[in-house]
Amino acid sequence: MFRSLVRALRFLGLLLTIGLAFLATPTFALRPFGTLLPTDLFASYPSLLQLQRWLIEDVTRLSLLLTGWTALAFGLLAAPWPFDAIPRAPAPPTQHKPRRYRGLWRTLGLLFVFLAIAATVSMAVLQETAATPTIIHGLWLASILCLLLAAGLLTAPAPTVSPPAPYPHPTRGWGGLLLLLLLMLGFYSWQLATIPITIDDATANLGLQAAALAQGETTALFAVEPTLAQPDNLRHTFALAPTALLVWLTGDLLFSTRFMGVLMALLCGGATWLLAGELFDRRPHMLPSGILLEDNGQLPAIIATVLVLVNSAILYYSQGPIVLDAVAWGTLGCWALLRGQRTNDRLAMTLSGVLLGVAYLFHGSALAFGLTALFWWL
């Protein structure tokens, strides 16, 4: 009875998801929302006249929001509910060597935790005063370093040489990933240094703000400044730092902005491959004849990576890398969390929190990765 009810709810959820996606697709037309609805509908329901006030920007944001959420919902609902037990890769037996001076390491770990908290509180207090930005940046780096050192000291002892697993983990096939990234690097970099016919507003705004940061007009990395095109939208200065560093090194504003987008697209592809390797890790299935029926998850991981890299080339060609930065670091944060849970490594789990925080500094949309990691943690 329970399984039938869950399947019925899943079917209704799929219908609702498909319906919302169908409604969201026509609204991508660059017209006000009122022109997309029949006039007879307004005559029958006068309360809908308020929809005529929606501008093109509002329609586009609503369409992107509905499309994104329906895509995520469809991915969750497409799998049959309730979920059957999926055979995962059994963890190989590990033998931990006894760590000498365990009490000393634990004391040092707690000391570094205290130092990390103290550095964070000091940074928050100095942020409200007219303190030198260099001191604030140093405290930020020191707090992260102390936190990672504490996690490394408080984690389980390092395992000794363990018997090899019956089959390799999906992330062992890094050769194919490296070849794919090299091919996409050549594809992304095609005529990268040439001046394009037009430059979109996102690239121009990002480049100008990064140039101002590279020239020293702004020194606080954790300040919040409005964008040039839309003053209502705020952006952390930290998000401009990688592009500003390239501008300072190369002296070419356009090339630095576009090349940072290339690097972030490649990092996003590599992060997707790592995360997919953790998600699709499974026991290989072979036929009695010896033919491989299902691999250990390398094929789904490489397919996901190809899709991300190709879509990055289509969506973010010659555009600002800010959003790609957030996606790349957020994906790496989710991967570090899953790896830490699989290997019982507190250092990887702590690194996950650091990466998710860095992703949020690049763009506020990275909060979705934090919520996803929290869901996986629970």
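The label-point distance for LEU208 and ALA368, in a model that sets each label 7 Å from Cα toward Cβ, rounds to 2.9 nm.
Take the Cα of GLN127, step 7 Å along the line toward its Cβ, and report every residue of the range 335-367 whose backbone nitrogen sits under 13 Å from that point. Of the residues in the range 335-367, 357-358, 360-362 have backbone N under 13 Å from the label point off GLN127.
Modelled label positions at LEU65 and THR134, each set 7 Å beyond Cα in the direction of Cβ, lie 4.5 nm from each other. In this simple spin-label model, placing a label point 7 Å from the Cα along the Cα-to-Cβ direction at both LEU12 and LEU185 gives a separation of 5.3 nm.
At q = 0.16, 0.19 Å⁻¹ the log10 of I(q)/I(0) for the range 102-158 amounts to -0.50, -0.63, computed by Debye summation with a single uniform scatterer per C-alpha, solvent ignored.
FYI, it's all coordinate maths here, none of it is from the lab. Model, not experiment: these values are computed from the prediction. Cβ: placed from backbone, ideal geometry, glycine included. Neighbour counts: every protein chain shown.
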